[in-house]
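First the structure, in the form of structure tokens, and then the observations on it.
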2 protein chains.
Amino acid sequence: MRRRQFLQTSLAAPAVLSTAPALRAQKNTPVKSKINIAVLGSGLRGQSHIDLMVRRDDCVVTAIADIDPEMVRRTKAIFEKQNKPLPTFYANGPKDYLNLLEKEDLDAVIIASPWRWHTPMAVAAMQAGLYVGTEVCGAFSIDECWELVRTHEATGSHLFFLENVCYRRDVMAVLNMVRQGMFGELLHLEGGYQHDLRNVKFNDGKQPYGGGVEFGPKAFHEARWRTAHSVHRNGDLYPTHGVGPVANYININRGNRFVGLTSMASKARGLHEYVVNHPQGGPGHPNAKVEFKLGDKVTTMLSTANGETVVLHHDTNLPRPYSLGFRVQGTKGLWMDVNSSLHIEGVSEAHRWEKTENYFEKYDHPLWQKMADRAVGAGHGGMDFFLVNAFVEAAKANATAPIDVYDAATWLAITPLSEQSVAQGGTLQTFPDFTNGRWMDRKVDFAMGEY
Amino acid sequence: MRRRQFLQTSLAAPAVLSTAPALRAQKNTPVKSKINIAVLGSGLRGQSHIDLMVRRDDCVVTAIADIDPEMVRRTKAIFEKQNKPLPTFYANGPKDYLNLLEKEDLDAVIIASPWRWHTPMAVAAMQAGLYVGTEVCGAFSIDECWELVRTHEATGSHLFFLENVCYRRDVMAVLNMVRQGMFGELLHLEGGYQHDLRNVKFNDGKQPYGGGVEFGPKAFHEARWRTAHSVHRNGDLYPTHGVGPVANYININRGNRFVGLTSMASKARGLHEYVVNHPQGGPGHPNAKVEFKLGDKVTTMLSTANGETVVLHHDTNLPRPYSLGFRVQGTKGLWMDVNSSLHIEGVSEAHRWEKTENYFEKYDHPLWQKMADRAVGAGHGGMDFFLVNAFVEAAKANATAPIDVYDAATWLAITPLSEQSVAQGGTLQTFPDFTNGRWMDRKVDFAMGEY
């Protein structure tokens, strides 16, 4: 059933064995017309990626690792609905993905497992010579971030960090405006993850969202594992939706880098109150005794080598409307996400906001202009199409990812740095340079070409 | 012309001589029906206060110290317009206010001079036994803040910190909602001063706002002295419009206090670009050579004893709409100023914003309900009426100010702490306790009664 790809494998071999930085080394590799992809972790997020991939002609999802029977059942249904052959499932315990990597004939792998598995899976997949896509989270340690970088540099395997908000339509329109100098020289940026996740962190063990106050083994879907991070950790646990777009605006790791970070957390009240006040919970429920460590609002400030400041908001335990809270401010104007408004000097009336609609239509990013039709119906307002498309296209070319391992390490590192700063009352943390100085010369890549 | 007030002066004497904390010691002093007030510094801000006071029956502005002939001329016009007797002017150099304090028969004094004069004038006025109101700014040193506190404690003279935004109608409606528990237990708050002041920092030497790129001796009004702070200092130079309302929401110095602060500043570009691009400026203008030190966006994070976090924004050098950027967030919901929206759990549609209008009408603060008619036409949307009214009423009663010397010291201290943190790349600063522990027992005062 599966074609072996000896040619491509042997062509890729030198890079795989190289210990030098990959740095687009594979640019001369022939672009494949069709690739085999495995998915490690086919929960709801993995299923979204699979659904987008099975609709394509240029990739085949040939193998899947997941240990949850219900998720395996739902995943099979995606293939059946599209009349595609079923992939091989690896469900024999949490490390069966290692057997998958050993046995399957693959070009690429997407990792959409619980957070603690991202790095071990990515490292193993890079060592297997595959093109690796990893879903977003925050790291547990700075060392883990270095491990991703070192593995990439030792194997030459690429890592594409699957930060979908970088492809959000308004985020990309603003990127377009930034690159055209509409905001002048950038000075201050904000972003974050402000999303009432209480019904993600708790459910009834049957439905993925809400209906109860269970988490851990009694829960279903993300609440099985994600909520534990809110019990034990305190910091910005999910920084990348905010920092990803911001990093693209100010060219982090490409002529710029983060140099310092401080973080403060409010007290933790929201999750306890949710358990106590929920109809299925109450003061007598066992989870009412849990002490949640994650501060309800965590705020992180970053400084950069080029003199911009960045603020990241993390706010997932409280009743609130969804808002990533973007702010992009330069010498000529600013955009604020929460009021859908901007101000451009000499264009907007002085001291007045303008609504963004007309601007975002006019400055719609070329990628969206070109492919918006194909994104209709894809997750998160279509941006997930652009993410998966970029991954598949980059993997077919075995090209440096537009969001690469250095970006992954940098964005993921915000979490342990934030945890350290919070634990020390807000002390300043020095930000590691995961490029070891190459940030000074690295070229801007994201959305400069076809993805 | 001026009645002598021996009785009141002698009644107040014990407190004046006391070295113990004042702590409402004068509550038993009879409330005066009419008081004499001096104004030190009658620039445009002082004139606004004077204009509100000359319209009242319960106070007489009897003396004014100002050295600028044009401002003296404008000030006299206020009295003439209202057919009120002219006060005595002290214009013989910047220290003539000391002669005023010595010679005049006064109950109270309002200080609206350039920032560097606030503390020496307030100290001298407290030492003269007067009820002192000081305009807002940021301190130069922590020592200066302690000096205000020590002088109050040594003399018993009250200091009323004239933070007008505390009396803004929406700010007070939110205070009303906070006190009724609408937002639940508060967790995170933001505020600041985001105001394009470029035409305040520069003018043509004739008009107060804009028309040129002069500052210092060649400029008029605030640009004569305020812009120098942007040349030489880097930090949150003007924190009180943001922190004042926030401090009232979370009862700072009244059961709560600030414990830590970090601050980061972006690079400084806005003022230089303004000079270079202005029709009256250009690259060859002498002020194009000035290196402005004040970062265009300064962000400050504070932690509190009760576990809230606070973010303050300072942003005065860039093209932008005015916004103090308030955010008040608790376990039951949040308010955001910039999009005029709030969300209250169980009231608002889940995950959706609601416009504030109906709420702010329903929860209009009792003081505004009672006196909104009297505030019509007063500065800054009427809030200046409430500020001056509160000052005059508190001074007549010689009562502890609702925004007192400990609040003044705390709010003013943010500036030197921010400057220190910025200079050190964002290091954590320990926040002084200006109450020396009394914050644990001090009662909430602001807007609890008649002001």
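The values are calculated or read from the model by the stated rules, or taken from the named source; none is laboratory data. Since we're looking at a predicted model, the values are computed, not measured. Backbone-built Cβ (ideal geometry, glycine too); neighbour counts: all protein chains shown. We work out accessible area using only protein heavy atoms, side chains counted, and drop any ligands, DNA or RNA first. Shrake-Rupley method; radii C 1.70, N 1.55, O 1.52, S 1.80 Å.
Things to note:
- Computed over chain A: relative contact order in percent, which uses C-alpha pairs under 8 Å that are six or more apart: 20 percent
- Across the stretch B:308-322, rounded Karplus estimates of 3J(HN,Hα) from the backbone phi angles (6.51 cos²θ - 1.76 cosθ + 1.60, θ = phi - 60°) give 7, 10, 10, 10, 10, 10, 10, 7, 10, 10, 10, x, 5, x, 5 Hz, Gly and Pro being marked x.
- Relative contact order (%) - criterion: Cα under 8 Å, at least six apart; region: the stretch B:253-381: 16 percent
- Subset of A:LYS267/A:LYS289; B:LYS267/B:LYS293; A:LYS218/B:LYS332; A:LYS355/B:LYS355; A:LYS206/A:LYS289 violating a 19 Å alpha-carbon distance limit: A:LYS218/B:LYS332; A:LYS206/A:LYS289
- The stretch A:353-451 - percent of accessible surface contributed by carbon and sulfur, probe 1.4 Å: 51 percent
- √(5λ) per eigenvalue of the Cα gyration tensor, the stretch B:135-194, largest first, Å: 29, 15, 13
- In terms of Cα atoms, the Rg and Dmax of chain B work out to 21.7, 65 Å.
- Residues B:LYS362 and B:ARG73, FRET efficiency given R0 of 45 Å [Cβ-Cβ distance, rounded to 0.05]: 0.45
- Three-way shape label, the stretch B:337-451, alpha-carbon gyration tensor, a/c 1.5: oblate
- Relative contact order (%) - the stretch A:119-175, alpha-carbon pairs under 8 angstrom, separation at least six: 41 percent
- Per DSSP, loop chymotrypsin sites (Phe, Trp or Tyr not before Pro) in the stretch B:351-441 with at most 15 further Cβ within 10 Å: none
- Drop in accessible area of at least 50 Å² in the complex versus isolated chain, residues of the stretch A:255-284, 1.4 Å probe: A:MET264, A:LYS267
- Think of a 1.4 Å ball rolled over the protein heavy atoms: the protein assembly as shown then has 37 Å² of accessible area per residue.
- In the stretch A:371-451, trypsin sites (Lys or Arg not before Pro) in a DSSP loop with at most 15 other beta-carbon atoms within 10 Å: A:LYS443
- Interface residues, the stretch A:331-370 - accessible area loss of 40 Å² or more versus chain alone, probe 1.4 Å: A:THR331, A:VAL338, A:GLU345, A:HIS351, A:TRP353
- Protein-protein interface of the stretch A:164-201, residues with accessible area decrease of at least 40 Å², isolated chain reference, 1.4 Å probe: A:GLU185, A:LEU187
- Cβ-based net charge around B:LYS396, under 12 Å, with every Lys or Arg adding one and every Asp or Glu removing one: -2
- All other residues whose Cβ lies under 11 angstrom from that of B:ILE78 are scored, Lys and Arg at +1 and Asp and Glu at -1, for a net of +4.
- Shortest first, A:ASP96 label-point distances to identical copies amount to 9.1 nm, with the label point at 7 Å from Cα along Cα→Cβ.
- Principal axis box of the protein assembly as shown, alpha-carbon based, largest edge first, Å: 108, 71, 41
- Applying the Kirkwood pairwise sum to the alpha-carbon positions of the stretch B:160-251 produces a hydrodynamic radius of 15.3 angstrom.
- Taking amide H as placed 1.01 Å from N in the peptide plane, B:ILE64 has its amide H under 5 Å from the amide H of B:VAL39, B:THR88, B:PHE89, B:TYR90, each at least 5 places away in sequence or on another chain.
- Helix runs (DSSP H) in chain B reaching 24 Å along axis by Cα, Kyte-Doolittle at least 0.0: B:405-423
- Copy-to-copy label distances for A:HIS285, where each label lies 7 Å from Cα along Cα-to-Cβ, are 6.3 nm in order of increasing length.
- For the chain pair B and A, the interface hides roughly 4400 square angstrom of accessible area in total, found with a 1.4 Å probe.
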